[in-house]
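Participant: Take this structure, written in structure tokens, and hold onto it; I'll ask about it next.
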Amino acid sequence: MNIDIIIPYMYRILATWLSLCLFASPILAAPQLLAIPSGTAQLGSRHGEADEQPVRHVRVAAFRLSRTEVTNRDFDAFVRATGHVTEAEKRGWGWVWTDRWRQVQGANWRHPQGPSSDLQDRRDHPVVQVSWTDARAYCRWHGLRLPTDMEWEYAARGHDGRRYPWGHEAPRAGGIQRANYGTDACCAPDAQDGYRLTAPVRQYPQGASPFGVLDMAGNVWEWVLDEAPNQTGTAPARHIIRGGGWGNNPYCLRAAYRHDNEPRASLDMVGFRCAADAP
């Protein structure tokens, strides 16, 4: 057989095989990590909750943090690559916020508000209905971890103890939308910015923290590594969430504010981002 015929034929077979492999396999892009330099963090607030006091100054070692929250696109690639099944999928239901938290059958990361909801047009929104254990599994798959509570607050407000990641101004001051959040009076979804629930992760560059980290106020609460302090006889230990979400008022968006949940809980207002030690 003529060699001039065989070689082009083999190239066409190879090209077809590579094309099938690329389109059939999930693309696991590593999270974009920003370098957070070491420094002295002002943690807490004199005007907040009891667990925010007293205000303290703590030295934080350099670390790295995801610029954005983990998206549905990111989490989908992880699930297809690993076969991971989330806590909500195992349990058969998740927590959904309406006028209060409700258990909704069939609510999970693919159907955040229940079976009638989906991820259509939400691929670049933060993933929700993921527990602390799900978040930790995702970060570990990438060789990363969840940020500590202290790292999270330092990355959100820098050295000067500002109220919000962008400063002291209200989230909509001067007609600038700095975060995706709820009504100004607690606590209901609000669509003034065009998004009643979650929003794309890069939608609010004016709300960036001093280090350029996005969505550290609003969009979704974020799991951190730490257990909640001062627990007595709680099993399993509850873990801290930070940042406030799409259904919260500005008070809950403050960088010093924290809440906590049982580590296997899955909610449609809670997601996460990953961190790593400095190289």
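Every number in this text was worked out from the coordinates using simple rules, so none of it is lab data. Computed from a predicted structure; not experimentally measured. Cβ: placed from backbone, ideal geometry, glycine included. Neighbour counts: every protein chain shown.
Participant: If you put +1 on each Lys and Arg Cβ and -1 on each Asp and Glu Cβ, how big is the dipole of segment 30-277 around its Cα centre, in Debye rounded to 20?
Facilitator: Values: 30 positive and 29 negative charges, 56 e Å.
I would put it at about 280 debye.
Participant: When only Cα pairs under 8 Å and 6 or more residues apart are kept, what is the percent relative contact order across the chain? Could the numbers behind the result be given before it?
Facilitator: Working: 624 pairs, mean separation 64.0, N = 279.
Taking the mean separation of contacting Cα pairs over the length of the chain, I get 23 percent.
Participant: Then there is this: Which of Ala50, Ala256, Ala199 moves most in a GNM of the chain, Cα contacts under 10 Å?
Facilitator: Ala50
Participant: Take the chain, mark every one of the GluC sites (Glu not before Pro) that falls in a DSSP loop and has at most 14 other Cβ within 10 Å, then report the longest stretch left between them, sites excluded. Let's see the in-between values first.
Facilitator: On the way: sites that count: Glu49, Glu169.
It works out to 50-168.
Participant: Which one, Gln53, Gln105, Gln42, has the greatest fluctuation when you compute a Gaussian network model over the chain with C-alpha springs under 10 angstrom?
Facilitator: Largest GNM mean-square fluctuation: Gln53.
Participant: Now for a different question. Mind listing P(r) for the chain? All alpha-carbon pairs, 5 Å bins, whole percents.
Facilitator: Cα pair-distance distribution for the chain, in percent: 1, 6, 12, 16, 18, 16, 11, 7, 4, 2, 2, 2, 1, 1, 1, 0, 0.
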